[in-house]
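The values are calculated or read from the model by the stated rules, or taken from the named source; none is laboratory data. Since the model is a prediction, treat every value here as computed from it, not as a measurement. Cβ placement follows ideal geometry from the backbone for every residue including glycine, while neighbour counts extend to all protein chains displayed. Accessible surface areas use protein heavy atoms only, side chains included; no ligands, DNA or RNA. Shrake-Rupley method; radii C 1.70, N 1.55, O 1.52, S 1.80 Å.
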Amino acid sequence: MEGQVARFALLLCITVAASASSQTCDPMKVDDNPWVYVGESLIGCWTSFIREDKAEVHILNLNFAATESKMFSLEMTNAKPMNLILTSPDTAYGLYNINTDVNIYINNASTITLHANQHHSNVHKQDFPTQDEELVKWATHKFGGVTSFTTIRNLKTVSSTGIKGTKPGSRNCILKNEDAFEKHFMKIETLPMASFKYCSTQQQNRGDEAELHIINIPENSITCNVSLRIDTEKTSVFLRGPQGTTWTFLALKHTQFGSNNDILLPSMTHRIQPTFTLNSDNAEDVQRMALNHFKASTFTSYTELKPEKSMVLLVLGKKDNPAETVPAPVIAITTNAPHQMPLLMQLYTSPDYRSPLDPNTKVQSDKRIYAEISGHTLGDIFLTIKVISCFVRSTGSCPVEKELPFMPETCSLNSCPNSTRLSFSLDQLQELTSTTWDLECSVKLCYSEKCGDGGRVKRNLEVSQPCLQPSTPTCFDFGLPGVLGIAFGGFLIGVLLIGALWFIKIKTGYPTALDISSTAANLPRCPCSGAKRQPVSTIPSPSENSSANASIGSTQSTPTSSMA
């Protein structure tokens with residue numbers, strides 16, 4: 001019995017050991033890492049400039065290491081019309097294949113040698129400066145502006161993707177560190193810049209589980225600033241490097257991260273402190289720490305690299321993904337910039353925030369609306385969201401934009417982690433005919449007391465006018481009895497009025513309005529334009545009616561006889 005128990009315990013230990021060992025892997029040196037690309041963040045710019053003749057202006061600044069091949073090729077057969085300026089401080093040899101709309105400019109003193117079998121007349125030699133800033137000024141003066149300036153180290157091939165090479169935004173070329181591989185109008189292939197050690201315990205992504213990627217920089221490497229761009233969704237990243245290493249995220253499509261070094265988000269001006277401490281650079285120690293940190297049972301990739309430069313660019317993403325071959329064109333206005341935290345806005349009709357509104361449900365303009373703006377968690381840090389302004393825009397043929405006043409709503413940290421609440425009224429939309437609106441709010445992301453631009457969050461809004469109870473109108477019956485009654489009433493009133501006038505005439509002896517009007521009708525008419533009407537000086541009394549009539553009659557006869 002004791003022997004069976006001992007054998008069972010031994011078998012259990014072997015099983016546990018095998019399970020534990022399967023959680024880690026031994027990295028091996030590889031020529032090409034399927035997940036991580038190592039590059040450099042070099043000087044460049046990207047603008048919206050295009051000439052009046054629809055030609056773009058691009059500058060390629062080529063740098064080659066002394067130990068590397070200095071052969072490169074240009075494939076521009078499907079390029080948009082462009083003026084391409086080539087400059088390099090090194091001797092280089094290039095093969096080009098271009099169309100008739102591409103003109104290449106090189107310096108008279110340049111050691112770049114170009115070879116091709118066609119379009120030799122499209123290569124022009126001119127005197128222009130070789131310093132970056134001065135070259136941009138020269139190109140701006142000669143061509144009117146610069147569409148892009150790109151620095152490439154150890155170039156093998158640069159080819160046009162046939163896409164328009166402009167970027168929405170400024171027309172001014174302001175040089176700064178950039179990721180040249182984000183420029184969708186060209187595909188860049190360079191020589192490998194670093195050797196990798198790579199392994200994985202997970203052969204493929206399992207359903208909707210987040211991928212876990214581990215990047216380890218050994219302790220004996222130089223202290224460097226690493227720019228990291230992540231091109232995969234639902235990703236957890238574990239970063240370990242020597243003390244003094246800084247990781248700067250160029251895109252935040254991942255859900256979580258952890259690092260023993262400082263993290264820098266481009267939208268903020270401060271550093272996020274390390275989330276754990278790990279001085280060992282041993283592969284197994286790092287892998288176990290990552291699994292424990294994210295409470296995971298496996299990881300997608302483990303990458304170990306030793307940078308040779310103080311500025312390093314890492315791109316994390318599956319290389320066989322067709323979407324990564326030609327990056328999508330940049331859109332002028334987006335709800336969230338790539339480096340900002342993804343935001344979501346949910347609407348409610350009551351301050352208890354329990355029953356969210358369906359996006360297709362219409363809300364009455366006389367009701368108060370409650371909104372909650374939330375974002376995904378970035379690693380182990382908690383960011384607070386501050387709403388700056390809100391607008392509503394109609395989506396009809398005649399767009400209308402109105403600023404939307406709002407009131408912040410109180411919310412505890414336990415109820416609102418990485419979120420904020422507000423409320424607003426749609427009273428100002430009652431007088432407008434449009435019912436479909438876009439609600440958009442600009443926010444800031446804050447950590448401690450430091451805030452940075454958090455982008456904008458938008459959702460559609462269907463608005464209906466309040467149902468007003470119509471007042472009961474007064475109903476009039478205009479049937480035959482009513483019409484006869486009104487007619488008889490009018491006749492009776494007329495008889496009474498005439499009787500009243502006759503009564504006044506009999507009792508007072510003064511003429512009534514009817515007498516005055518009849519008297520005026522009997523006045524003599526002027527026989528010609530020069531004749532003057534005899535004025536009636538007095539109104540005769542009732543006793544003198546007959547004599548007055550006789551007098552008037554004689555007055556009428558006199559001019560008649562004289563005319564005869």
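Modelled label positions at residue 273 and residue 483, each set 7 Å beyond Cα in the direction of Cβ, lie 9.4 nm from each other. Relative contact order for region 130-182: 44 percent, from Cα pairs under 8 Å spaced at least 6 residues apart, divided by residue count. Applying a threshold of 18 Å to the alpha-carbon distances of 234/295; 70/156; 197/295; 70/142; 234/309; 29/156 flags 197/295; 70/142; 234/309; 29/156 as lying beyond it. Structure note, pairs 183/386; 187/318; 54/167; 187/458: Cα-Cα distances above 22 angstrom occur for 183/386; 187/458.
Once all protein chains are placed together, residue 277 keeps about 110 Å² accessible to a 1.4 angstrom probe. Note on region 82-209: with charges restricted to the Cβ of Lys and Arg (+1) and Asp and Glu (-1), its dipole about the Cα centre is near 140 debye. For residue 137, the lysines whose Cα comes closer than 17 Å to its Cα, not counting residues fewer than 8 places off in the same chain, are 176. At full extension, residue 142 and residue 188 could sit 13.9 nm farther apart than now, given 0.36 nm per residue minus the alpha carbon distance.
Solvent-accessible area of residue 425, all protein chains in place: 30 Å² (probe radius 1.4 Å, heavy atoms, ligands and nucleic acids excluded). Note on surface exposure: 82, 28, 289 rank 28, 289, 82 by accessible area, highest first, 1.4 Å probe.
Quick one: length gained pulling residue 436 to residue 71 fully straight, 0.36 nm per residue minus the C-alpha distance?
So the extension gain works out to 125.6 nm.
For 171, 368, give the ranking by accessible area with the largest first, probe 1.4 Å.
Sorted by accessible area, descending: 171, 368.
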